[in-house]
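Below is one structure, written out as structure tokens; the observations come after it.
The values are calculated or read from the model by the stated rules, or taken from the named source; none is laboratory data. It should be emphasised that the depicted structure is a prediction, and the values quoted were computed from it without experimental measurement. Here the Cβ is made from the backbone with ideal geometry for all residues, glycine too, and neighbour counts use every protein chain on show. Just the protein is used for accessible areas: all its heavy atoms, side chains included, with ligands, DNA and RNA removed. Shrake-Rupley method; radii C 1.70, N 1.55, O 1.52, S 1.80 Å.
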Amino acid sequence: MTPRMSVLLALPVAALIAVTSGVTSTYAAPAEVAQGEFMFTTGDGRGHRMVNPPAGKCIKLPDQGSTNGTNVTNRKAHIFATFVSATDCRQELASAEKSSGRGTPWSTPDFRPTAHAVRFDCENPSVC
């Protein structure tokens, strides 16, 4: 290989190294999920379920509120009276332990449709 040919091959390689050395990865770790089902009854008596809901986030329940339900996920569920944003639930009403069996029932005081948000525990805050 001639010296001129070596230089011609080295230039594209050097350019590629220079371009990629300053690039940071934009790949985000997948968010954690509460494996299983979270089932609840709304104020108008309809049953709903969440399958593998995200963990570590405040999840809004239907506008009419919820009265009771069952947590059949692998994470503890915290049930709140107020949904403010995906990072802000307020006024915890009840909690339901994680369960690998038939689930853990929970209900709001007097079975009134006062629950408006739920948040599942997150085991790794760096991805939740």
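Close amide H partners of Ala34, meaning residues 5 or more places away or on another chain with modelled amide H under 5 Å apart, are Ala55. Out of the stretch 59-128, which trypsin sites (Lys or Arg not before Pro) are coil in DSSP terms and have no more than 15 other C-beta atoms within 10 Å? Filter output for the stretch 59-128: Arg102. Distance between the 7 Å Cα→Cβ label points at Arg102 and Gln64: 2.7 nm. The Cα-based radius of gyration and maximum Cα-Cα distance (Dmax) for the stretch 26-128 are 13.1, 48 Å. FRET efficiency for the Asn52 to Val84 pair, using the beta carbon distance and R₀ = 22 Å, is estimated at 0.40. The mean accessible area for residues of the stretch 44-128, using a 1.4 Å probe and ignoring ligands and nucleic acids, is 55 Å² per residue. Projecting the Cα atoms of Ala55, Ala86, Thr67 onto the charge dipole of the stretch 37-109, computed from C-beta unit charges around the Cα centre, puts Ala55 farthest toward the positive end.
Each label point was placed 7 Å from the Cα along the Cα-to-Cβ direction; for Phe111 and Gln91 their separation is 2.1 nm. Ordered by solvent-accessible area of protein heavy atoms (1.4 Å probe), largest first, the residues Ile79, Ile59 come out as Ile59, Ile79. For the stretch 47-64, putting each phi into the Karplus relation 6.51 cos²θ - 1.76 cosθ + 1.60 with θ = phi - 60° gives couplings of x, 9, 9, 10, 9, 6, x, x, 9, x, 10, 7, 10, 6, 8, x, 4, 6 Hz, in residue order, rounded to whole numbers and with x for Gly and Pro.
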